[in-house]
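Student: One structure, as structure tokens, below. Some questions next.
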Amino acid sequence: MDGDSQVTGRHIFFFNETRERGKEECTADQERGGASDLSCGLSGPARIIFLITEYSWNVRYYQTEICVNKGSTVIMRSYYNYPAEINRVRTTVEKSFWFIRTGAEPVDLKEDPEYKDRVTYSRNRKSCELQIYEVRERDSGVYKFRFITNHVTGRYTGEPGVRLTVEELQVQVISRSDHQEYSDLQLKCFNKCDPDGFYRYVWFRNGEETRSMILYKNSQMFRRWTSSTDRISCALSSSKMHRSPEVYPPETSSVSVSPSAEVLEGSSVTLTCSSDANPAANYTWFKMRNSNIKVLSVGPQFVFSSIQSTDSGEYYCKAENQLGWKISFFTLEVKYAPKNISVSVNPPEILEGSSVTLTCSSDANPAATEDGGEPLTVSENWTESVLSHP
């Protein structure tokens, strides 16, 4: 009952005009068999403030906790009561509804944009059943029933309401055994709403229902010799259209470099490995040096804070989850200015009148060029005859 309908002061209860002792609150939550009069008043000159007959205000819920799976239909039931008369005026219910959102006033689910096309009410005398179709995870919350009567203060919301939890089925990998071309997987269709395994389940392999290698009578466990490209999902046998997300090994893995322009020595460079996988993949970075392989780091990114020319080379990342793995290769080429410049003389002993070759060489990427812009393939030679002086 709304707050403005409360009576203040010391209360005295009368049952069939006989004072009930020990009553200090103005409520009428008891049933005394048959149609009885229960009145509530204040001690003092004005003895009776209002008269209530038969029953008090109340709402009962068939269930106060419900867990359902995404895509299913949920049913909530409420049973309610109210005084047959108040101050000799017969009570009639003008509106009854369920709600989850409250603003200035509770919003009827049938008028709520999130629900209006997915809910129905089934009303009988002093009961109201709510059905919500195609429930979503965001539908989780506390739903309450409210009814409004013809009396000014005759509005009542039932507490504590019904707590709805919407869960999605999940395929869990229980065990895995690898073979040369296949993997032996033991999977479970995990359902938080079915902790005791009462429901029956079906399994799908690459979108097609499969009945082989089902474990246990309720089919909640599944074992399969599966290739590295299989996608596996499950569903309740009563609702095959609402399947769990597919689980599958990493696919289409790739490596990207940032910044995407030329990699210059001394700059900060980030290598990022990505893949399509469910469950999400874990990543490991490697560098190949001749016939040796070195593990660099774990994680989707590998960062060079100040990259050096010696960091050039072949890299690869391994994307792996419980269902398989995928490898992506990447060649990193670092650009740098000429360094280790040197000049050599041939022959080392110079005689007057002989031919001498000076050779300039350096380490650079791209290769260093002469003034004319032509690259020096290996080195640039300059040959001159040594002149004699008088």
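Student: ³J(HN,Hα) across the range 334-341 via Karplus (A = 6.51, B = -1.76, C = 1.60, θ = phi - 60°), whole Hz, x for Gly/Pro?
Tutor: For the range 334-341, the Karplus-derived couplings read 9, 8, 8, 6, x, 8, 6, 6 Hz, x marking Gly and Pro.
Student: Which peptide among 266-279, 341-354 comes first, and what is the full order, when sorted by highest mean count of other Cβ atoms within 10 Å?
Tutor: Sorting 266-279, 341-354 by mean packing, highest first, produces 266-279, 341-354.
Student: Check Ser267: other-chain or 5+ apart residues with amide H under 5 Å from its amide H, H built from backbone geometry?
Tutor: Ile307
Student: I would also like to ask the following. Do the alpha carbons of any pairs in Lys294/Lys335; Lys70/Lys110; Lys192/Lys240; Lys188/Lys326; Lys318/Lys339; Lys188/Lys240 sit beyond 28 Å of each other, and which pairs?
Tutor: Lys318/Lys339
Student: Sticking with this one: With a 1.4 Å probe and all protein chains left in place, how much of the accessible area of the range 134-211 comes from carbon and sulfur atoms, in whole percent?
Tutor: Reported share for carbon and sulfur atoms: 41 percent.
Student: Provide His179, His151, His242 ordered by accessible surface of protein heavy atoms (probe 1.4 Å), highest first.
Tutor: His179, His242, His151
Student: Another question, if that's okay. With a 1.4 Å probe and all protein chains kept in place, how do Lys126, Lys240, Lys116 rank by accessible area, largest first?
Tutor: Ranked from most to least accessible, the order is Lys116, Lys240, Lys126.
Student: Which chymotrypsin sites (Phe, Trp or Tyr not before Pro) does the range 98-149 hold that lie in a coil by DSSP with at most 14 other beta carbons within 10 Å?
Tutor: Loop-located and lightly packed - Tyr133.
Student: Here's something else I'd like to know. At 1.4 Å probe size, with no ligands or nucleic acids counted, give the accessible surface of Thr331 in Å², nearest ten.
Tutor: The value for Thr331 is about 80 Å².
Student: Which GluC sites (Glu not before Pro) from the range 102-211 combine a DSSP loop assignment with at most 10 other Cβ atoms within 10 Å?
Tutor: Sites meeting the loop and neighbour criteria: Glu181.
Student: Through the Karplus equation 6.51 cos²θ - 1.76 cosθ + 1.60, θ set to phi - 60°, convert the phi angles of the range 247-263 into ³J(HN,Hα) values in whole Hz; use x for Gly and Pro.
Tutor: Once rounded to whole Hz, the list reads 10, 6, x, x, 10, 6, 6, 8, 10, 10, 10, 9, x, 7, 6, 4, 8.
Student: In terms of solvent-accessible area of protein heavy atoms at a 1.4 angstrom probe, what is the ranking of Ser127, Ser177, highest value first?
Tutor: Largest accessible area first, the residues go Ser177, Ser127.
Student: So what J values fall out for the range 347-357 if you push phi through Karplus, 6.51 cos²θ - 1.76 cosθ + 1.60 with θ = phi - 60°, rounded to Hz, Gly and Pro as x?
Tutor: x, x, 9, 9, 10, 4, x, 8, 8, 10, 10
The values are calculated or read from the model by the stated rules, or taken from the named source; none is laboratory data. For clarity, every value in this text was computed on a predicted model and none was experimentally measured. Positions of Cβ are backbone-derived with ideal geometry, glycine not excepted, and every protein chain shown enters the neighbour counts. Areas reflect the complete protein model, heavy atoms only, side chains present, ligands, DNA and RNA absent. Shrake-Rupley method; radii C 1.70, N 1.55, O 1.52, S 1.80 Å.
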